[in-house]
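The values are calculated or read from the model by the stated rules, or taken from the named source; none is laboratory data. These numbers were taken from a predicted model, which means no experiment stands behind them. Counting neighbours? That spans all protein chains shown, and the Cβs are built from the backbone with ideal geometry, glycine included. All accessible areas refer to the heavy atoms of the entire protein, side chains included, with ligands and DNA or RNA removed. Shrake-Rupley method; radii C 1.70, N 1.55, O 1.52, S 1.80 Å.
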Amino acid sequence: MFAGLAGAWEAARQSALREARGGKRRRAEGAGRKPKLVFLDRLLVTLVHLRHQLPHVVPAELFEVDRSTVSAAIRQVRPLLAARGFAVPDRPGLRLKTLEDVFAYAEAEGVELRIDGVETQVRRPQAGRPGRRAFVSGKRKQNTDKTTTFSDGQGRLLSGLVRPGRMHDQTALRTEGIAEQSRTRPGVKEKVDSGYLGLAKEFPGQVSAPPKKPKDEACDGDKRAWRETRRRQSSARICVEHTNAELRQ
């Protein structure tokens, strides 16, 4: 990971320095203020923060630097990690960077995708910030980010698309291109929850969603059949809940 990201980080750093000084460097290379954290330490700080969700002040104490140094390091490294894409199980060297990659991989390997949405509470945006209300979730009544997760039958995360909490799952289907990918690759099977019933209606032989609950006046046989069908569908989708739990943690 260090070898793959060090070059990109150094290029971004030199670009920022060039923009800050307004042109080429005026002193010999090596002169000037040195970074308080070398790139390897910046990478470690970011991975520890993402894995354990520690406040920035904690790694700052561990590395004996100011909290702002840790915040800057995480801000620089996170885009580099995101650009690497998602690792593919049992396929070293192959990484999924786009939604097209995910569906192409699922079609080539015969993987049945599990698609779900997970909400994670975030800090309330500052007053006066444009689009502040976009993070208010109508379901949670909190400021959240929503992530559309794509996993395989073993609950291994293949990709994730993040959007503000106010956006509904059905809207995300159109804006994120999920419906278009389902149309382009009809051989890819998908299991979804009741929030994606519209997708299941549009692609009935391709997308599987929980059945609708029968009306109160329905016979007991229909209700038992509904409960059994829903139980089997939930059992096949439980692995995606493990993926969502990992994101929440």
| How many angstrom lie between the C-alpha centres of the stretch 91-124 and the stretch 33-67? | 29
| remark: From most to least accessible, 1.4 Å probe, no ligand or DNA/RNA atoms counted, Asp220, Asp41 line up as Asp220, Asp41
| Which shape class applies to the stretch 179-249: rounded if a/c is under 1.5, otherwise prolate when a/b exceeds b/c and oblate if not, where a ≥ b ≥ c are the square roots of the Cα gyration tensor eigenvalues? | oblate
| request: Pull up the DSSP beta bridges for the chain and report the antiparallel fraction as a percent, rounded to 5. | output: 80
| Taking a probe of 1.4 angstrom, what is the accessible area of His242 in Å², to the nearest 10? | 120
| query | Using a 1.4 angstrom probe and counting only protein chains, how large is the accessible area of Val102 in Å², to 10? | reply | 0
| Sequence-distant or interchain residues sharing an amide H contact under 5 Å with Gln142, placed H: which? | Ser137
| Of Lys201/Lys223; Lys24/Lys97; Lys97/Lys212; Lys146/Lys223, which sit over 25 Å apart, Cα to Cα? | Lys24/Lys97; Lys97/Lys212; Lys146/Lys223
| task | Measure nothing but the geometry: give the 0 to 90° angle between the long axis through the Cα atoms of 99-109 and the longest principal axis through the Cα atoms of the chain, rounded to 10°. | result | 60
| query | Using modelled backbone amide H atoms (1.01 Å from N, in-plane), which distant-in-sequence or interchain residues come within less than 5 Å of Glu112's amide H? | reply | Gly153
| remark: Quick note, the stretch 94-249: a/c under 1.5 would make it rounded; otherwise a/b > b/c is prolate and the rest oblate (a ≥ b ≥ c, C-alpha gyration tensor); here it is oblate
| query | Angle between the Cα long axis of helix 39-52 and the longest principal axis of the chain, 0 to 90 degrees, nearest 10? | reply | 30
| field | Most mobile listed residue (Ala104, Ala172, Ala83) in the chain, GNM with C-alpha springs under 10 Å | value | Ala83
| message | So if I place +1 on the C-beta of Lys and Arg and -1 on the C-beta of Asp and Glu, and nothing else carries charge, what would the dipole magnitude of the stretch 28-100 be about its Cα centre? I want it in debye, nearest 20. | response | 180
| task | Report the accessible area of Lys189, computed with a 1.4 Å probe over the heavy atoms of all protein chains in place, in Å² rounded to the nearest 10. | result | 90
| message | Going by amide H atoms built from the backbone, whose H comes under 5 Å of the H on Ser159, apart from near neighbours? | response | Phe150
| message | Looking at the chain, identify the longest residue range that excludes and avoids all GluC sites (Glu not before Pro) in DSSP loops having at most 11 other Cβ atoms within 10 Å. | response | 65-216
| Taking the Cα centre of the chain as the origin, how large is its charge dipole in debye, to the nearest 20, when only Lys and Arg (+1) and Asp and Glu (-1) carry charge on their Cβ atoms? | 1200
| field | Exposure rank, largest accessible area first [Ile238, Ile178; 1.4 Å] | value | Ile238, Ile178
| Dipole of the chain, positive end: most advanced residue of Pro35, Gly187, Leu94 [Cβ charges, Cα centre] | Pro35
